[in-house]
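Engineer: Have a look at the structure that comes next, please.
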Amino acid sequence: MSRLQVAVLASHNGSNLRALHRAALAADALFTVALVISNNSGSGALAFAREAEIPALHLSTRTHPDPDALDEAMCSALSTHSVDLVVTAGYMKKLGPRVRSHYASRIINIHPALLPRHGGKGMYGRAVHESVLATGDKISGPTVHILTDAYDSGPIIARREVPVLPDDTPDTLASRVLAAEHELLPEVVQRIAGRREMRPGLPTS
Ligand code: GRF
C-alpha cells in the first residue's frame, strides 16, 4: 500500500512536525510528510521543512490578501502534493471553506489539553495550561480530534493523559504535555494511515 501523504500546517515552532517527520522515516511508517504550510514566513516549522527538504510553502494574507485566493492556493497546493490527510499542529488560522469541504473529516488537530475540557476560542498556548492549573485538574494531556468549524469540538480520535504535579507552572506542564503530543500524534497518523478508507483513490475493501 502506498504511504498516506500528510500535510502539516503550523504557525510557530513546529515540534509536532518534527516528531511526525521523524516517525515517517521509520521503515514501517505508513505515511510521509509530503507538504508543510505555514502562515508565518519566519516559523520554525518552515525552517525545519526546508532543512529536511520537505516541500514547504508560506501562505498567508500577506501572500494572498484575498481570503478566497488564499483558500484556493491552499487547496491547489494540497492537491499538487496529493495530500490525503491534513494535520494542523499549532496552526493559528482558520482554514478556508474550500479546504474544509474538500478534506472534511480528513483534517485533524492536536490540542494540548484533554478535550472537551480547556478548549474553545482563546484556548491556545499558555492559556490552556493556566486554565488546567487554575481549575486544579490532576491530569491533563493532549487530544487529537477531527477539525470542525467550532473551535476544539470535533470528534475526538485519541487522548493521552499526563499527571499535573503539585509544583507545576504553565511552562513545566506545557513541556510534559508537548512530550506526550510528540508520541500521540505520530501514533494516530500511523493508525489512520492503516485505514484504507483514508485513501480516496483506493478501494475500501
Ligand atoms: C502544541 O502544543 C499543540 O497542541 C498546539 O500548539 C502547539 C504547537 O507546538 N495546538 P509545535 O509548534 O508543534 O511545537
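The values are calculated or read from the model by the stated rules, or taken from the named source; none is laboratory data. In this text, all values refer to a predicted model and were calculated from it rather than measured experimentally. In this analysis, Cβ positions are derived from the backbone assuming ideal geometry, glycine residues included, and neighbour counts consider all displayed protein chains. All accessible areas refer to the heavy atoms of the entire protein, side chains included, with ligands and DNA or RNA removed. Shrake-Rupley method; radii C 1.70, N 1.55, O 1.52, S 1.80 Å.
Engineer: Between R3 and E130, what length in nm is gained on full extension when 0.36 nm per residue of separation is reduced by their alpha carbon distance?
Structural biologist: Values: separation 127, 0.36 × 127 = 45.72 nm, distance 3.86 nm.
This chain segment gains 41.9 nm when fully extended.
Engineer: Count charges around S79 for me, please; just the other residues with Cβ under 14 Å from its Cβ, Lys/Arg as +1, Asp/Glu as -1. Could the numbers behind the result be given before it?
Structural biologist: Values: positive: R98, R106; negative: D71, E72, D84.
Charge balance near S79 sits at -1.
Engineer: Here is a follow-up. What is the helix-to-structure angle for 126-135, meaning the angle in degrees between its Cα long axis and the longest Cα principal axis of the chain, kept from 0 to 90 and rounded to the nearest 10?
Structural biologist: The answer is roughly 40 degrees.
Engineer: Still on this structure, please answer the following. Write down the accessible area per residue of the chain in Å², having rolled a 1.4 Å probe over the full set of protein chains. Could you put the intermediate results ahead of the total?
Structural biologist: Working: 9920 Å² over 205 residues.
Result: 48 Å² per residue.
Engineer: How many angstrom lie between the Cα centre of region 92-133 and the Cα centre of region 12-31?
Structural biologist: 20 Å
Engineer: For the chain, what D do you get in µm² per second when you plug the Kirkwood radius from alpha-carbon pairs into Stokes-Einstein at 4 °C and 1.567 mPa s? Mind dumping the intermediate values first?
Structural biologist: On the way: Rh = 17.3 Å.
Reported coefficient: 75 µm²/s.
Engineer: Contour minus end-to-end for A150 and L25, with contour as 0.36 nm per residue of separation and end-to-end as the Cα-Cα distance?
Structural biologist: On the way: separation 125, 0.36 × 125 = 45.00 nm, distance 3.35 nm.
Full extension of this stretch gives 41.6 nm more.
Engineer: To the nearest 0.05, how large is the calculated FRET efficiency for K138 and E187 if R₀ is 30 Å and r is the Cβ-Cβ distance?
Structural biologist: Values: r = 24 Å, r/R0 = 0.79.
The value I calculate is 0.80.
Engineer: Quick one: work out the % antiparallel among DSSP beta bridges in the chain, nearest 5.
Structural biologist: On the way: 9 of 25 bridges.
So the antiparallel bridges amount to about 35 percent of the total.
Engineer: May I pose another question? Could you tell me which of rounded, prolate or oblate describes region 73-127, using a ≥ b ≥ c as the square roots of the eigenvalues of the alpha-carbon gyration tensor, with rounded for a/c under 1.5 and, failing that, prolate when a/b is larger than b/c and oblate otherwise? Each step should come with its number before you reach the end.
Structural biologist: Values: a/c = 2.51, a/b = 2.27, b/c = 1.10.
Prolate shape, in that a/c is at least 1.5 and a/b is the bigger ratio.
Engineer: Counting only protein heavy atoms and using a 1.4 Å probe, what share of the accessible area of the chain belongs to carbon plus sulfur, as a whole percent?
Structural biologist: 54 percent
Engineer: Separate question: Under a Cβ-Cβ cut-off of 14 Å, what is the net charge of the residues other than S43 that fall near it, where Lys and Arg count +1 and Asp and Glu count -1? Kindly include the intermediate steps, with their values, before the conclusion.
Structural biologist: On the way: positive: R18, R50, R62, K93; negative: E51.
Net local charge, S43 excluded: +3.
Engineer: Full extension from T169 to E72: what is 0.36 nm times the residue separation minus their Cα-Cα distance, to one decimal in nm? Display every interim value, and only then the final one.
Structural biologist: Details: separation 97, 0.36 × 97 = 34.92 nm, distance 4.16 nm.
My answer for the length gained is 30.8 nm.
Engineer: Among residues other than R160 whose Cβ falls under 12 Å from its Cβ, what is the net charge (Lys/Arg +1, Asp/Glu -1)?
Structural biologist: On the way: positive: R159, R176; negative: E161, E181, E183, E187.
Combined, the nearby Lys, Arg, Asp and Glu give -2.
Engineer: To make sure I understand the rule: partners must be lysines, Cα under 21 Å from the Cα of K121, and not fewer than 8 residues away in the same chain. Which ones qualify?
Structural biologist: Those lysines meeting the cut-off are K93, K94.
Engineer: So what J values fall out for region 182-190 if you push phi through Karplus, 6.51 cos²θ - 1.76 cosθ + 1.60 with θ = phi - 60°, rounded to Hz, Gly and Pro as x?
Structural biologist: Calculated HN-Hα couplings, in order: 5, 8, 5, 4, x, 4, 5, 5, 4 Hz.
Engineer: OK, next. Select from P55, A29, H81 the residue farthest towards the positive end of the dipole of region 1-155; place +1 on Cβ of Lys and Arg, -1 on Cβ of Asp and Glu, and compute about the Cα centre.
Structural biologist: A29
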